[in-house]
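Here is the structure we will look at, set down as structure tokens.
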Amino acid sequence: MSTPSPDLSVARRPGRPRSEKTDAKAVRDRLLDAATELAVEQGFEACGLREIAARADVSSGMIAYYFGDRAGLYEAMFERAIERVAEQVRALMEDPARSGGDRLDEFVRIQVAAIAADPWLPKLIVREVLAHADSSSHKKFVQVVGRGPLMLVVRWLEEEQERGAMRGDFDPRMMAMTIISLSAFPFLMLPVMGDELGIELDEGFPERLIRHNQQIIARALRARTEEDR
């Protein structure tokens, strides 16, 4: 006997007609979006599955159908976010048309633009990854980011040092971590200290941060000339 397909129609709300068909990917994405929003607001463990489903405007059975359980939902949510960034960094580091300062500038842009698109991500990493070293999300972060694109960046910085294009007195591992920190930390800091600093987290902020980071990183890494010595 075949297993009946789940009802993919959205949960009804007063005054809203019931949809006959709903795209399966859209339902899954809405659940992931709702879970990430609530995880930032409350912490993932405090989120009820029914609350997540209600925020996504779907029946709670969809969580079990698409993700199995709470852990499966969280892993899918987190993996979707970090893999978006990882794929872009991997493509950049493997693109032979990109080199030197151009590649460095684009790496900075990818980091800031990704966080601007998903501003909950730094807070989520702090709350669910750094605070829980034994969690599945911590392991996934190390696997997707630490053992993949991050090491590509480190190796590229080492190669630039070897050919004399970048100064040789910095640690490529520390520098890769620094660039990522310069991109992420302002999004954590500004909601707390933005008024004191007179900096607004508005639509133009990501581009201003990109230019700022590009300038200071380029100056820090460029190979020293005779005039510098």
Residue in segment 203-222 that is nearest to residue 114 (Cα to Cα), counting only those that are among the hydrophobic types (A, V, I, L, M, F, W, C) and out of contact with any Pro (no Cβ under 9 Å at 6 or more places or on another chain): 210
Determine, yes or no, whether residue 92 is modelled with pLDDT of 85 or more and in contact with an Asp or Glu (Cβ under 8 Å, 6 or more places away or on another chain). yes
Considering only residues that are surrounded by 13 or more Cβ atoms within 10 Å (Cβ to Cβ) and of a type in the set (Gly, Ala, Ser), look in segment 188-219 and name the one that is nearest to residue 105 (Cα to Cα). 218
In this structure, does residue 199 turn out to be of a type in the set (Val, Ile, Thr), out of contact with any strand residue (DSSP E or B) (no Cβ under 7 Å at 6 or more places or on another chain) and outside any helix (DSSP H, G or I)? yes
Given the conditions (1) outside the structural domain of residue 215 (by TED's automatic domain parsing); (2) buried (at least 16 other Cβ atoms within 10 Å of the Cβ); (3) closer than 26 Å to residue 146 by Cα, report the number of the one that residue 57 does not fulfil. (3)
How many of the residues in segment 160-170 are surrounded by 13 or more Cβ atoms within 10 Å (Cβ to Cβ) and not aliphatic (A, V, I, L, M)? 4
Tell me, please, whether a residue that is in a helix (DSSP H, G or I) and free of Cβ contacts under 8 Å to residues at least 40 places away in the same chain can be found in segment 106-113. yes
Across segment 54-71, what is the total count of residues that are in contact with a helix residue (DSSP H, G or I) (Cβ under 6 Å, 6 or more places away or on another chain) and among the small types (Gly, Ala, Ser)? 2
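The values are calculated or read from the model by the stated rules, or taken from the named source; none is laboratory data. Treat the numbers as computed from the prediction; the structure is a model and nothing was measured. With ideal geometry, Cβ positions are generated from the backbone for all residues, glycine too; neighbour counts draw on all protein chains shown.
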